[in-house]
């Protein structure tokens, strides 16, 4: 009879358990940072939710100056507003984005109007004859970075009086 050397069932079971523990540890160490990075900034946008709105009474499109005036109201929430991403959307689906960075004067419980020149958006004069909606998305500071939150409700704007 031949001398067969084999790994016993106990040693094989222990090796399988050790390999499984090592695999879980490696995967866990890669996934935890991803989860922590996503959770860290999620509360910041929650604090902004409902705190930024477009004031329909002070928002309009000025065909003479080729500009859009956006009236924005800020609620009393405590967050650091870095910028607003504004977007003009025409009735045929074209959208024209702009970033408003001068938001320092938009204080809690305050209102401010921002004027966006439509020529810098790439909007031509023919677009003024279409129905135009606007929305803004607040950008808030989250640690050393900033995060853009979901846009607020779109508002239909008309010509300035």
*Given (1) modelled with pLDDT under 85; (2) under 22 Å from residue 159 (Cβ atoms), where does residue 72 come up short, assuming only one miss?*
(1)
_Among residues of the stretch 47-64, those that are assigned to a helix (DSSP H, G or I) and modelled with pLDDT of 80 or more, counted_ = 1
*What is the residue count in the stretch 69-109 for residues that are in contact with a helix residue (DSSP H, G or I) (Cβ under 7 Å, 6 or more places away or on another chain) and within 16 Å of residue 137 (Cα to Cα)?*
5
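So that you can scan it fast, the table gives a plain yes or no per residue for (1) closer than 21 Å to residue 143 by Cβ; (2) modelled with pLDDT of 85 or more; (3) surrounded by 10 or more Cβ atoms within 10 Å (Cβ to Cβ); (4) out of contact with any strand residue (DSSP E or B) (no Cβ under 6 Å at 6 or more places or on another chain):
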{"site": "8", "(1), (2), (3), (4)": "no, no, no, yes"}
{"site": "18", "(1), (2), (3), (4)": "no, yes, yes, yes"}
{"site": "30", "(1), (2), (3), (4)": "no, yes, no, yes"}
{"site": "33", "(1), (2), (3), (4)": "yes, no, no, yes"}
{"site": "36", "(1), (2), (3), (4)": "yes, no, no, yes"}
{"site": "39", "(1), (2), (3), (4)": "yes, no, no, yes"}
*Give, as residue ranges, the strands (runs of 3 or more DSSP E) completely inside the stretch 71-161 that count at least 1 residues that are without any contact (Cβ under 8 Å) to a residue 24 or more places away in the chain and closer than 13 Å to residue 61 by Cα.*
none
*asked:* I'm trying to understand the selection: among the residues of the stretch 101-121, which are more than 17 Å from residue 132 (Cβ to Cβ) and either at pLDDT below 90 or loosely packed, with under 13 Cβ neighbours inside 10 Å (or both)?
replied: 101, 102, 104, 105, 107, 108, 109, 110
_Residue in the stretch 140-156 that is touching a helix residue (DSSP H, G or I) at 6+ places or on another chain (Cβ under 6 Å), under 13 Å from residue 72 (Cα atoms) and surrounded by 16 or more Cβ atoms within 10 Å (Cβ to Cβ) present_ = no
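The values are calculated or read from the model by the stated rules, or taken from the named source; none is laboratory data. Everything numeric here is computed off the predicted structure, so don't read it as measured data. When we count neighbours, we look across all protein chains shown, and the Cβ atoms used for this are built from the backbone with ideal geometry, even at glycine.
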